[in-house]
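Right, one structure below, let's go through it.
Bear in mind that the values in this text are calculations on the coordinates, not laboratory data. Here the structure is a predicted model, which means the values were calculated and not measured. We place every Cβ from the backbone using ideal geometry, glycine too, and count neighbours over all the protein chains shown.
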Amino acid sequence: MATLNDYLLASGLLFTVGFAGVLLRRNLIVIFMALELMLNAANLSLVGFSRFHTQAGLPDYNAQVLVFFIITVAAAEVAVGLAVIVALYRAKQTTHIEDLNSLKF
Amino acid sequence: MNSAPWIILFSPLVAAALIAVATQPFKKLSSYLSVAAVAISFLFSLTLFGGPDQDGSFNWIDLGVFQVRLGYLIDGFSKMMLLVVTGVGFLIHVYSIGYMHDDRGRSRYFAGLSLFMFSMLGIVLANNFIMMFIFWELVGVSSYILIGHWFDRPSAADAANKALIVNRIGDFGFMLGILMVWSASGTVMFGELSSKWSTLGLGATYATIAALMIFCGAVGKSAQFPLHVWLPDAMEGPTPVSALIHAATMVAAGVYMLARVYFLFAGSAAALTVVLWIGLITSLLAALMATQQSDIKRVLAYSTLSQLGLMVSAIGLGVPVSALFHLFTHAFFKALLFLGAGSVIHSLHNEQNMWQMGGLRRKMPLTFWTFLIGTLALSGCPPLAGFWSKDGIVAAAFAHNGFAGLVISVINFFTAFYMMRLFVVSFLGTARSEAADHAHESPPVMTVPLVLLAIPSLIAGFPPIEHIFFPNAGAEEPSIGAIAVSLAVFIGGIAAGFVLYRGKTSDPVSVPLFANRFYIDQFYSVLVKWTQDALARVAAFIDRWVIDGGIVRGLGGTTWGFGFALRFLQIGNLQAYAFLFGFGVVLLLYLILFAT
Amino acid sequence: MPVALFWTFVVIMLAFGVMVVVFRNPVASALSLVVCFLGLAALYISLDAFFLGVIQILVYAGAVMVLFLFIIMLLDLKGEQRRSFNLIAVFGGVVVIVLFVKVLSDVCYGYQSGNAVFPAITHNAEHGDTWQVGMALFEQYKLPLQMIGTLIVVASVGAVLLSKRELK
């Protein structure tokens, strides 16, 4: 049987993979996808704790509601973020992150 | 608590307030108000004179740990002084009605005179140091107002400033002295202090320094060397002001204060020596300077300086009663001399140079004879008042220290000399100018006070009269030697003055050192300029380098520098930001979870 | 769920997650991410969160990733260039990864109470998992639900505005 710690380890590794993707990839869209990986890692650990802290024979549904909200918010964020990327592509004709340095001193 | 002292004190203040607030356009009414106030004070002083010694006070400021009491101390000294101040003051107020008849600022003048009377009476009545200091400063202010009465004259305005500033220097020392006395004994009331001071067991240095600091106040107010420079310039004020303030009363306040707190000096021989020698130096310098002056009021001013020096040296010799007795007689004949000079000046249409006068014997007889009485009294002619009061000082001097006696005798010689010089040149001979030719006697409102002042100049020195005013004076054996020396000196001085100046039209003797007042004024002005320049240079340096360069530009530069350094963090690379962000979060987590 | 199955799905998830980061072609990254989400959904199911597992597939794999693919196609993105292979950097990276995994597992397995077996739950036949989540949403979390609704509306409007072309 898998224990909570195993799920937590899995969640941590997934988060790390997402973070590495944010830091290492040069394409803006792929960075965005790695961001989604990080969100999902958090979701996984939340669901794990929900199952772990049972109340009256049932899992703790508060955490599951939170996960529901996180998924919803992530979806909205992806929508807006991709719209921004589209506008940016129209302006700059590139999604390469090193070309986006207007705020450099 | 008796109300008479309060009426004496506050009636001139009421007059001054009324004039300032209500009656300024009505010049005659203002003058009568002022005279009436002084008359009231004089009458009440008479009633107090016959009464017993008393003491009363009330709390004016009460903050628990700190109290300022206003009160009165009626004893032999203050009874005598009240009569002198209010009596001579009354006569001078009456005289002023005549002298200031054409002046446009009459109301202001009388308000100033009343304010002065209020302040001076405050000093006389005061029963504690704080009250005395308050009124001390008020007297300084009144003197400033009155010296600068004709303020559109630059010399008058400068003289008023000079008087106030030099007085302030003395008052600073006075304040320090009061603080030293207060902190050592815990009280400022004269009565308590006089009994407590000798029992306090203070170190000799502390007691001497405290006494000398208090003496600083007298040095400033009574124009002793080195703070004497303001008194001759104070003659820019109207002559009655010179008579009242700078001859009879205000400058005497210093001597009065010293006599009041003589117990502070009694235990310290060093302080008394300093007081004695400053008095003698002042007196000698002033007498020498007076022999070369041409302005009639300046001669009298230096004469006042000289006599004040004598009074102060009497304090230093340990005979405060003699000092006060001389103050008493001096008030009368000095006021008489000033008012007489004023009469001459008024009648000669504001001519003050004595070489432009002359031949006034037939034209102004009353002024002539009263001025002669004043001159003789000042020179120490027996049996006039000055002879008796100076004799006390001379005798004490010879008893104490032969050299001091010699110096005082030399001073008395010169006193007689320059007074005779003044009298001969101003009144005798032929008229040396148009104005002197057309002189006429002054109106009665001016001559009656002259006569009234001549009477005490004649008789106030006699021992029975002395005893009315100074009941505590011991009956000393008159020293024949002292009297002989005084007489010789008097006759010699009078003769020298008469012979040297009879019939001359210009000064036969010329001593530039005396005429230029020993160059002390020039020395002070150089000193002040040097100090100011040094201070200005320091201030400029601080302003330019420390404040402007260091603080203002420094702060600005530091901020700019920080901004410049931090700019390099904005590299525009999103992933670098993300990395730093993650790194920061890890660090925070570590610190929170594991380090605390 | 048997441990083997658990670890299988964990490996799938992590492997395809790594492939998201590694592939140069963005379409390949997107498709790897879809498979990663499938693995994740399986893990949710294994934790008795059936509703969430289904939602994960429907929303994430079905909507969000489709959106990603649309945008990749719209922008017609090319793959990235191959970068130079720096042996030392790769070696250092591997060391860091090993160390990091070690530390992470130490931390995770250091959580003592997490080593216990999951408590038993009684599945209610009438009121299943979905019912429970739905009740929690609509009873306790009414207000956040409405706020989420508003948020989605705002996001839609914003997305339209941002990607609007300037009308000439």
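Under 15 Å between alpha carbons, and skipping anything fewer than 8 positions from C:Lys102 in its own chain: which aspartates and glutamates qualify?
Candidates past the 8-residue exclusion: A:Asp6.
Which distance in nm do the two modelled labels at B:Phe49 and B:Leu591 give, with both placed 7 Å along the Cα-to-Cβ direction?
Modelled inter-label distance: 8.9 nm.
Can you tell me which of A:Arg25, A:Arg51, A:Arg90 moves the most in a GNM of chain A? Springs connect C-alpha atoms under 10 Å apart.
A:Arg90
Calculate the dipole size of chain B relative to its Cα centre from +1 charges on Lys and Arg beta carbons and -1 charges on Asp and Glu beta carbons; express the result in debye to the nearest 20.
Working: 30 positive and 27 negative charges, 165 e Å.
In total the dipole reaches around 800 debye.
How large is the dipole of the protein assembly as shown about the Cα centre if only Lys and Arg carry +1 and Asp and Glu carry -1, each at its Cβ, rounded to the nearest 20 debye?
Numbers: 45 positive and 41 negative charges, 386 e Å.
Magnitude of the dipole: close to 1860 debye.
Classify chain A: rounded, prolate or oblate, from the alpha-carbon gyration tensor (a ≥ b ≥ c, eigenvalue square roots; a/c under 1.5 rounded; otherwise prolate if a/b is larger than b/c)? Let's see the in-between values first.
Values: a/c = 4.34, a/b = 2.20, b/c = 1.97.
Prolate, since a/c reaches 1.5 and a/b exceeds b/c.
Along the positive direction of the dipole of the protein assembly as shown (beta-carbon charges: Lys, Arg +1; Asp, Glu -1; about the Cα centre), which of B:Leu244, B:Ala460, B:Val84 reaches farthest?
It is B:Leu244, whose Cα lies furthest towards the positive end.
Determine the distance separating the Cα centre of segment B:152-222 from the Cα centre of segment B:341-378; give it in Å without decimals.
If you average the Cα positions of each part, the centres end up 38 Å apart.
If you place +1 on the Cβ of every Lys and Arg, -1 on the Cβ of every Asp and Glu, and leave all else neutral, what size is the dipole of segment C:3-106 about its Cα centre, to the nearest 20 Debye? Don't skip to the answer; put the middle values down first.
Numbers: 5 positive and 4 negative charges, 72 e Å.
Here the size comes out at about 340 debye.
Which FRET efficiency value, to the nearest 0.05, do you get for A:Asp60 and C:Ile88 by plugging their Cβ-Cβ distance into 1/(1 + (r/R0)^6) with R0 = 35 Å?
Working: r = 48 Å, r/R0 = 1.37.
After rounding to 0.05, the efficiency reads 0.15.
What is the distance in Å between the Cα centres of segment B:544-596 and segment C:106-138?
With segment B:544-596 and segment C:106-138 each reduced to a Cα centre, they are spaced 46 Å.
Which listed residue (B:Trp197, B:Ser119, B:Phe225) has the Cα farthest towards the positive end of the charge dipole for chain B, taking +1 on Lys and Arg C-beta and -1 on Asp and Glu C-beta about the Cα centre?
Towards the positive end, the residue furthest out is B:Phe225.
At 0.36 nm per residue, minus the direct Cα-Cα distance, what do B:Lys529 and B:Ile480 gain on full extension? Give it in nm, one decimal, please.
12.4 nm
Can you spot the aspartates and glutamates whose alpha carbon is less than 12 Å from B:Lys162's alpha carbon? Ignore those fewer than 8 places along the same chain.
B:Asp233, B:Glu236, B:Asp521
Over segment A:18-105, what is the mean sequence separation of C-alpha contacts under 8 Å (at least six apart), divided by residue count, expressed as relative contact order in percent?
Numbers: 59 pairs, mean separation 25.0, N = 88.
Worked out over segment A:18-105, it gives 28 percent.
For the protein assembly as shown, what does the alpha-carbon gyration tensor say about shape, rounded, prolate or oblate, given a ≥ b ≥ c as the root eigenvalues, a/c under 1.5 as rounded, and a/b over b/c as prolate? Mind dumping the intermediate values first?
Numbers: a/c = 4.11, a/b = 3.58, b/c = 1.15.
Prolate.
Highest GNM mean-square fluctuation, chain A, Cα pairs closer than 10 Å: which of A:Val73, A:Val22, A:Val47?
The residue with the greatest mean-square fluctuation here is A:Val73.
Using only the Cα atoms of chain B, build the gyration tensor, take square roots of its eigenvalues as a ≥ b ≥ c, and label the shape rounded, prolate or oblate: rounded if a/c is under 1.5, else prolate if a/b is larger than b/c, else oblate.
Details: a/c = 2.11, a/b = 1.85, b/c = 1.14.
Cα axes put chain B in the prolate bin.
So how tilted is helix B:574-590 from the main axis of chain B? Cα-based, degrees 0 to 90, rounded to 10.
Approximately 80 degrees, to the nearest ten.
Could you work out the relative contact order of chain B, using alpha carbon pairs under 8 angstrom and six or more residues apart, expressed as a whole percent?
Working: 922 pairs, mean separation 70.2, N = 596.
Relative contact order for chain B comes out at 12 percent.
Return the whole-Å distance between the Cα centroid of segment A:5-80 and the Cα centroid of segment C:47-80.
After rounding, the separation between the Cα centres reads 14 Å.
Could you work out which residue, out of A:Gly48, A:Gly21, A:Gly81, moves most in a Gaussian network model of chain A, that is, has the largest mean-square fluctuation with Cα springs under 10 Å?
Answer for the Gaussian network model of chain A: A:Gly81.
Would you please give the FRET efficiency between B:Ala269 and B:Phe518, computed as 1/(1 + (r/R0)^6) with r the Cβ-Cβ distance and R0 = 22 Å, to the nearest 0.05?
Details: r = 29 Å, r/R0 = 1.33.
Once the sixth-power term is evaluated, E becomes 0.15.
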